[in-house]
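Okay, so here's the structure we're looking at.
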Amino acid sequence: MNAALKTTWGPIALAALAALAVCWFLPATLELFALINATVFVSMAILALSLALVWGYGGILCFGQAAFFGLGGYTYAVAAINFGDTTGAVPLAILVPAGFALLLGYFLFYGRISDVYLGVITLTVTLILFKFINSTASDIWTIGTAPLGGFNGIPMTPPLNFPGDMTAMLMPDQIFVLAVIGLFLCYAIAKLILASHFGRVVVAVKENELRAELLGYDVRLYKLIIFTVGGAMAGLAGMFFANCVFVSPTMFSLSYSGQIIIWVIVGGLGTLVGPVIGCILLQMLTNWAGTLEVIDPNLVLGAILVIAVLLLPKGLLPTITGLIRRGDRS
Amino acid sequence: MDLALIVLLQIVTSIAMLALISLGLAVIFGMMRVINLAHGEFLMLGAYAAILATGHGVNLWVSMLLVAPVSVAIVGVVVERLIIRRLYGRMIDTMLATWGLSLALIGLVTMILGNTNTGFSAPLGSIAIGGFRMSGYELFLILFTAVLLAVVFVVFRFTRLGLIARGTMQNPDMAAALGIAPSTVYAVTFAVGAALSGLAGALIAPLAGVVPTMGTAYIAKAFITVITGGAAILAGTISASGLLGAVNTLGSFLATPVLGEVALLAAAIVLLRLLPRGITGRFLKGSL
């Protein structure tokens, strides 16, 4: 076991404790509506984590993380309706976005498309998916027995059931617990990846692509793999989201893609916990802003992003830990 | 025969539209290496400026060709002073800040003007071509875009202002040593880019619905055009919009408009896979 791996178990154990505490506490104290809302937050947090990994450690600024999120949700809904059972739909909801990320990533990284161009292309792919899904209202657009529904999405997205037993639907509190476990697993996987040799090469590529290449690593392959892992996590997030709300084209929308980036940059680029905290804080803020009748939530979010870039370029968590460290020293 | 002519005109219209909505972005990106993600909202502000001006009794042409670019240029100057100036050389931070700006502008306009679809009808009636009719306004757009591209070319190539701008783009330190303030040049360039975007927004307003979120519909196309075009402002915009506009229209004509857009994107991705620096990174190097 290498040294990096040893220091990884501590944070993972802490995260497990936090997840346990949340699973113990929230379902008992929250009302049903608030609990479903909390599940949405957790699914968003998984999404934030996926970009934190891809962007913060892989150095890949993906403006289209929402594409994988939406694909995960839609795959889950379509597969669950067709199978009548969600046991097979869940792995599909992870595999299809991962496959899409693999395909897209191949074109991007093997074409050696640099950061900014990459951002623009991922953004465009997301928008095209958004437009495509929006235009599927007619009955021609049916996969198996599942109509895609165009602008309205698929309102009858079925909730999860016990694996193998399609009559036993999970209750909202069980889905919440599952989502928290999903978030914890994604965090643990990300931590373990980063502690491994592979993860350290990924970070090296981010720090200096040319140097990593000269050391003999195939930069394109490392980027492609981490991008695919991020796509799979975003797909999982989409699956949980589809469970609490329902799938609709807005999952692909620009405002989702934008929000994910905002969570990561406000929470702290280059950390895993920061974006999760940033996501949950900003979700609460957005919900609160939505209740204001005078101010448009987009205005609040946009202003926060501009201010965060100008004043807190490192993000919330690194700024706070930096302040604490400075306080310790004096 | 008439059908072929009308399809050809549709293709040229779509090329002109693409060039029109991309030009402002191309000027800002080509000159300053700043990716302005609020470009779509500059288009939207231009469209609203024209609508508000005509609503207050200003002549339609004056409000489209004068009020819209001037008011968006003013917004551009303010944005450059407050945000862009602090982030020069930090491409990704600039992208994020302008994205924030884009969200904020959508929110602000929704708050002030409401989330309703407004617009004005296209002037100039329609023209008969054989058994088909084509809107005269679309023909005007084609001509206007050609004139606009020519004007931009002449300004950059033959005037002192253009010389200063190109010099600063190539080597800001040298330009500063020769007594030119690069920051002023950047501010003016950004304002010009914003003005072009505002103008484009006002011009496409009669053809598209005007809503606070209209920018998102155009920003992707404008970006893909500019990136596919590469570094050269005019040659890149013209070649990329020519190629992508043709693909888009043919796709829409043969299948559906959505598939036309998908074809546009696919063409752009394949092109970037083959030419990562865009069309003018390989061909027409060193052109304007």
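Observations on the model:
- Pairwise centroid distance, computed over Cα atoms, of region A:169-206 with region B:190-233, Å: 39 Å
- Long-range amide H partners of A:Val247 with built H, under 5 Å: A:Ile154, A:Thr157
- Peptide packing: for A:9-20, B:29-40, the average count of neighbouring Cβ atoms within 10 Å per residue gives the ranking B:29-40, A:9-20, highest mean first.
- Using a Gaussian network model of chain B in which every pair of alpha carbons under 10 angstrom is joined by a spring, one finds that among B:Ser71, B:Ser241, B:Ser126 the greatest mean-square fluctuation is at B:Ser126.
- Judged by the mean number of other Cβ atoms found within 10 Å, the most tightly packed of the peptides B:45-52, B:188-195 leads the ranking B:45-52, B:188-195.
- Phi angles of region A:277-284 translate, via the Karplus equation with coefficients 6.51, -1.76, 1.60 and θ = phi - 60°, into HN-Hα couplings of 5, x, 4, 5, 4, 5, 4, 4 Hz per residue; Gly and Pro are given as x.
- Under Karplus coefficients 6.51, -1.76 and 1.60, residue-wise ³J(HN,Hα) of region A:294-304 in Hz, glycine/proline x: 7, 9, 6, x, 4, 4, 4, 4, x, 4, 4
- When each full DSSP H helix of chain B is screened for a Cα extent of at least 27 Å along its own axis and an average Kyte-Doolittle hydropathy of at least 1.0, the helices passing are B:2-32, B:91-113, B:136-158, B:182-204, B:233-254.
- Added length on full extension, which subtracts the Cα-Cα distance from 0.36 nm per residue, A:Ile324 to A:Asn208: 38.8 nm
- Using a probe of 1.4 angstrom and keeping all protein chains present, the accessible surface of the protein assembly as shown works out to 42 square angstrom per residue.
- Shielding score for B:34-41, defined as the mean number of other chain Cβ atoms within 10 Å: 2
- Estimated Rh, region A:21-96: Kirkwood, alpha-carbon pairs, angstrom: 14.3 Å
- Fraction of the pair-distance distribution of chain B above 27 Å, Cα-Cα pairs, percent: 40 percent
- Taking 20 Å as the cut-off, the amide N atoms of region A:247-279 that come nearer than this to a point 7 Å along the Cα-to-beta-carbon line of A:Leu185 belong to A:273, A:276.
- Our summary gives chain A a relative contact order of 31 percent, counting only alpha carbon pairs under 8 angstrom and 6 or more residues apart.
- Contact surface A-B: accessible area buried, both sides summed, square angstrom, 1.4 angstrom probe: 3600 Å²
- Residues within the reach of a label modelled at B:Phe253 (point 7 angstrom out along Cα to beta-carbon, backbone nitrogen below 15 Å), restricted to region B:133-151, are B:133-134.
- Overall form of region B:213-288 per C-alpha gyration tensor (a/c, 1.5; a/b vs b/c): prolate
- Of the GluC sites (Glu not before Pro) found in region A:144-234, not one falls in a DSSP loop while having at most 12 other beta-carbon atoms within 10 Å.
- Rg over Rh [alpha-carbon atoms, Kirkwood Rh] for region A:224-312: 0.99
- For chain A, the mean residue ellipticity at 222 nm estimated from helices alone is -24500 deg cm²/dmol, where every DSSP H run of n ≥ 4 contributes -39500 (n - 2.57) and the total is divided by all residues, rounded to the nearest 500.
- Each residue, B:Thr184 and B:Ile127, gets one label point 7 Å from its Cα in the Cβ direction; the gap between the two is 4.4 nm.
- Carbon/sulfur fraction of accessible area - chain B, other protein chains in place, 1.4 Å, %: 71 percent
- Residues of region A:295-330 with an amide N closer than 15 Å to a point placed 7 Å from the Cα of A:Leu281 along the Cα-to-Cβ direction: A:301, A:304-324.
- Positive contributions from Lys and Arg (+1) and negative ones from Asp and Glu (-1), summed over other residues with Cβ under 13 Å from the Cβ of A:Thr319, come out at +3.
- One quarter of the surface of the convex hull around the alpha-carbon atoms of region A:3-255 equals 14.2 nm², the direction-averaged projected area.
- Mean projected area of the Cα convex hull of region A:101-223, taken over all directions, amounts to 11.3 nm².
- Among B:16-27, B:94-105, the order from most to least packed when residues are scored by Cβ within 10 Å on average: B:16-27, B:94-105
- Legend: mean number of C-beta atoms from other chains within 10 angstrom of residue C-beta atoms, peptide A:121-134, equals 5.
- Global form of region A:7-151, assessed from the alpha-carbon gyration tensor, a/c cut-off 1.5: oblate
- Helix-derived mean residue ellipticity, 222 nm - over chain B, DSSP H n ≥ 4, -39500 (n - 2.57), to 500: -24500 deg cm²/dmol
- With q set to 0.06 Å⁻¹, the log10 of I(q)/I(0) for the protein assembly as shown, from the Debye formula over equal scatterers at the Cα positions, is -0.33.
- Within the listed set B:Gly136, B:Gly230, B:Gly198, the Gaussian network model of chain B (springs between alpha-carbon atoms below 10 Å) gives the highest mean-square fluctuation for B:Gly136.
The values are calculated or read from the model by the stated rules, or taken from the named source; none is laboratory data. Since this is a predicted model, take the numbers as computed values, not measurements. Here Cβ is always computed from backbone atoms with ideal geometry, including for glycine, and neighbour counts include all displayed protein chains. Protein only, heavy atoms only, side chains kept; ligands, DNA and RNA dropped before computing areas. Shrake-Rupley method; radii C 1.70, N 1.55, O 1.52, S 1.80 Å.
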